[in-house]
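Single-structure report; data block below.
The values are calculated or read from the model by the stated rules, or taken from the named source; none is laboratory data. Just so it is clear, the structure is predicted and the values come from calculations on it, not from any experiment. Don't worry about glycine lacking a Cβ; one is built from the backbone with ideal geometry, like all the others, and counts go over all protein chains shown. Protein only, heavy atoms only, side chains kept; ligands, DNA and RNA dropped before computing areas. Shrake-Rupley method; radii C 1.70, N 1.55, O 1.52, S 1.80 Å.
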Amino acid sequence: MLIIYCVVLIISVGLFAYSILYIMASLGRKMKVDGVLEIPDGGDAHYDYDLFVIGAGSGGVRAARFSAQFGAKVGICELPFHPISSETIGGVGGTCVIRGCVPKKILVYGASYGPELEDARNYGWEINENVNFNWKKLLQKKTEEIVRLNGIYKRLLSNAGVKLFEGEGRVVSPHEVEVIQLDGTKICYSAKHILIATGGRAQRPAIPGQELAITSDEALSLEELPKRAVVLGGGYIAVEFASIWRGMGATVDLLFRKELPLRGFDDEMRAVVARNLEGRGIHMHPQTSISELVKTDEGIKVRTSHGEELIADVVLFATGRAPNSKRLNLEAAGVELDQIGAIKVNEYSQTNVPSIWAIGDVTNRVNLTPVALMEGSCFAKTVFGGKPEKPDYDNIPCAVFCIPPLSVVGLSEEQAKEQANGELQVFTSTFNPMKNTISGRQEKSIMKLIVEAETDKVLGAAMCGPDAPEIMQGIAIALKCGATKAQFDSTVGIHPSAAEEFVTMRSETRRVPAAGKPKTNL
């Protein structure tokens with residue numbers, strides 16, 4: 001009898017201990033990384049999806065596909081397709097594919113042919129004086145291309161086994177998403193993890209008559225090509241559209257608040273871009289804003305902050321973008337936002353609610369399509385791949401597709417000056433591109449390297465001139481690998497090419513002391 005009692009007691013104690021351990025495990029079932037990241041595994045709860053993504057732009061599609069490849073059951077929702085976005089219109093592919101990088105680059109190509117035709121004359125091409133440009137044809141081809149890409153993105157999702165829902169997604173709780181379908185019906189889906197990838201949206205400044213202006217969305221789909229355009233803004237969108245319209249023959253006035261456009265880029269390169277824009281016939285209005293827009297019989301009257309009046313067919317507001325978070329109902333789940341509406345995340349793209357994550361422009365970190373792709377890849381590896389990975393924001397190359405383009409990677413001279421512990425060496429090369437020597441175009445290219453004097457490490461590179469983005473992609477690899485100036489110098493150049501200048505800049509242009517203001521040779 002005593003033996004049976006002891007056995008029963010042992011079993012009871014064992015079951016009790018097991019129950020306690022099970023409860024503790026259930027309550028604390030999270031993967032901890034670096035003391036920063038906690039990934040809940042959902043315990044034994046049943047969810048419709050392992051991951052539900054709101055937003056099928058570049059970052060959202062990448063995260064969905066890669067997560068599915070790791071074995072996750074994934075759903076994703078996106079607003080119906082249209083070239084011009086609104087709060088209820090979007091499209092698979094997102095801003096970059098439908099109303100951003102891709103259609104913009106197509107228009108840049110189209111605008112480049114006008115000056116190229118002029119340059120061709122000195123290369124022996126006898127061109128009829130009556131060369132016409134058909135804006136509607138280019139617009140049609142652009143639209144056909146983005147429709148094609150929209151279809152490709154949908155097939156990528158389908159081939160990865162991702163379920164696509166067309167409609168507006170909203171967060172209901174830390175594990176629930178509501179999709180408002182096209183007919184207005186609402187369906188809720190539960191998910192172990194929710195990823196927000198809704199991007200950003202163009203903003204309009206509060207200016208009297210602002211309803212008369214357009215944003216970059218509409219600029220890519222104008223019914224008629226403007227003959228007179230006023231562009232407000234000094235960022236990359238502003239200078240790109242100024243270049244596009246000028247290349248197509250329009251009269252363009254560019255208004256911006258600072259002394260130079262492209263705030264945040266290297267000052268020396270900003271000055272080069274400004275000079276090139278002016279050389280191409282764009283009227284520059286530094287330290288100028290718009291006070292009022294008025295509709296008249298002649299067009300839109302633009303009153304500037306200096307009292308000047310301009311008449312335009314189109315006024316473009318290119319004054320910034322804001323995170324697209326207003327309609328997500330994030331407060332229902334307690335997700336924290338910053339003062340401009342960007343979703344706050346940690347180094348792994350996780351919000352303060354452990355089951356909700358965010359990537360891309362809606363987080364307002366580095367607002368570039370390739371960065372959103374990187375963040376989407378890192379998210380999938382972290383949550384479903386078993387290999388937590390933080391996005392790496394060092395040495396991200398980028399380009400401004402004005403004509404000619406600007407491209408940079410690493411630190412600007414101003415940034416290097418702030419971060420340097422010692423002296424900096426600046427190497428520059430300004431030259432007339434070989435093509436221009438025959439065409440007669442008076443437009444210089446400039447290349448620049450910023451080097452840490454003590455270590456010889458190349459900290460930054462920049463170029464303004466034809467093919468700059470294509471060249472800079474290769475330079476970015478070198479900087480990512482920690483290349484030194486000596487390694488640049490020991491590399492054999494490709495001759496004749498503009499790119500070889502990056503490996504033949506032997507003479508130091510100037511040396512910037514640890515505590516001193518950067519100077520330019522302009």
Residue in the range 316-336 that is over 22 Å from the mean Cα position of the chain (by Cα) and β-branched (Val, Ile, Thr) present: yes
Selection status of Ile403, out of contact with any Asp or Glu (no Cβ under 6 Å at 6 or more places or on another chain), aliphatic (A, V, I, L, M) and either buried (at least 16 other Cβ atoms within 10 Å of the Cβ) or farther than 22 Å from Pro466 by Cβ (or both): yes
Residue in the range 133-154 that is at pLDDT 95 or above, in a strand (DSSP E or B) and either open to solvent by less than 40 Å² (accessible area, probe 1.4 Å) or acidic (Asp, Glu) (or both) present: no
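If you take the residues of the range 184-228 that are in contact with a Pro (Cβ under 7 Å, 6 or more places away or on another chain) and open to solvent by less than 20 Å² (accessible area, probe 1.4 Å), which of them is farthest from Ile106 (Cα to Cα)?
First pass over the range 184-228, keeping only residues in contact with a Pro (Cβ under 7 Å, 6 or more places away or on another chain): 200, 220-221.
Then keep just the ones that are open to solvent by less than 20 Å² (accessible area, probe 1.4 Å); that gives 200, 220.
Numbers: Gly200: 21, Leu220: 10 Å.
Among residues in the range 184-228 that are in contact with a Pro (Cβ under 7 Å, 6 or more places away or on another chain) and open to solvent by less than 20 Å² (accessible area, probe 1.4 Å), the one farthest from Ile106 (Cα to Cα) is Gly200.
One line per residue, one yes/no per condition, for (1) open to solvent by 20 Å² or more (accessible area, probe 1.4 Å); (2) within 23 Å of Leu220 (Cα to Cα); (3) in contact (Cβ under 8 Å) with a residue 24 or more places away in the chain; (4) polar (S, T, N, Q):
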{"residue": "Arg303", "(1), (2), (3), (4)": "yes, no, no, no"}
{"residue": "Arg321", "(1), (2), (3), (4)": "yes, yes, yes, no"}
{"residue": "Asn324", "(1), (2), (3), (4)": "yes, yes, yes, yes"}
{"residue": "Asn352", "(1), (2), (3), (4)": "yes, no, no, yes"}
{"residue": "Asn367", "(1), (2), (3), (4)": "yes, yes, yes, yes"}
{"residue": "Gly376", "(1), (2), (3), (4)": "no, no, yes, no"}
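Out of the range 42-82, which residues are acidic (Asp, Glu), more than 26 Å from Arg201 (Cα to Cα) and touching a Gly at 6+ places or on another chain (Cβ under 9 Å)? Before you say what the answer is, go through the steps one by one.
Pass one, the range 42-82, residues acidic (Asp, Glu): 44, 48, 50, 78.
If we keep only those that are more than 26 Å from Arg201 (Cα to Cα) as well, we get 44, 48, 50.
Asp48, Asp50, listed by residue number.
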Criterion (in a strand (DSSP E or B) and hydrophobic (A, V, I, L, M, F, W, C)) met by exactly one of Leu328, Leu254, Leu277, Leu262: Leu254
Output for the range 495-509, where each listed residue is part of a loop (DSSP other than H, G, I, E, B) and out of contact with any strand residue (DSSP E or B) (no Cβ under 7 Å at 6 or more places or on another chain): His495, Pro496, Ser497, Thr504, Arg506, Ser507
Index of the failed condition, Ile180 passing every other in (1) touching a helix residue (DSSP H, G or I) at 6+ places or on another chain (Cβ under 8 Å); (2) surrounded by fewer than 20 Cβ atoms within 10 Å (Cβ to Cβ); (3) closer than 30 Å to Gln350 by Cβ; (4) of a type in the set (A, V, I, L, M, F, W, C): (1)
Tally of residues being open to solvent by 10 Å² or more (accessible area, probe 1.4 Å), at pLDDT 95 or above and not in a loop (DSSP other than H, G, I, E, B) across the range 60-85: 6
Pair list, Cβ < 9 Å and 6+ apart or interchain, from the range 250-277 residues that are under 21 Å from Gly114 (Cβ atoms) and β-branched (Val, Ile, Thr) to residues that are assigned to a strand (DSSP E or B) and open to solvent by less than 10 Å² (accessible area, probe 1.4 Å): Thr251/Ala229; Thr251/Ala312; Val252/Ala229; Val252/Val230; Val252/Val231; Val273/Val400; Val273/Leu406; Val273/Cys464
Residue satisfying condition, being over 19 Å from Ala372 (Cβ atoms), in a helix (DSSP H, G or I) and among the acidic types (Asp, Glu), within set Glu118, Glu166, Glu126, Glu178: Glu118
The range 360-383, residues that are in contact with a strand residue (DSSP E or B) (Cβ under 7 Å, 6 or more places away or on another chain) and assigned to a loop (DSSP other than H, G, I, E, B): Asn364, Asn367, Leu368
Of residues in the range 40-59 being buried (at least 16 other Cβ atoms within 10 Å of the Cβ) and among the acidic types (Asp, Glu), the one farthest from Ile194 (Cα to Cα): Asp48
Members of the range 337-374 that are closer than 19 Å to Val177 by Cβ, hydroxyl-bearing (Ser, Thr, Tyr) and under 17 Å from the mean Cα position of the chain (by Cα): Ser349, Thr363
Residue that is surrounded by the most Cβ atoms within 10 Å (Cβ to Cβ) [pool: residues in the range 229-251 that are in contact with a Pro (Cβ under 6 Å, 6 or more places away or on another chain) and in a loop (DSSP other than H, G, I, E, B)]: Gly234
Given (1) at pLDDT below 95; (2) out of contact with any helix residue (DSSP H, G or I) (no Cβ under 6 Å at 6 or more places or on another chain); (3) over 16 Å from Gly59 (Cβ atoms); (4) not basic (Lys, Arg), number of the condition Ser190 does not satisfy: (1)
Helices (runs of 4 or more DSSP H) contained in the range 407-494 and holding at least 3 residues touching a residue at least 24 places away in the same chain (Cβ under 8 Å) and either among the polar types (S, T, N, Q) or open to solvent by 50 Å² or more (accessible area, probe 1.4 Å) (or both): 434-439
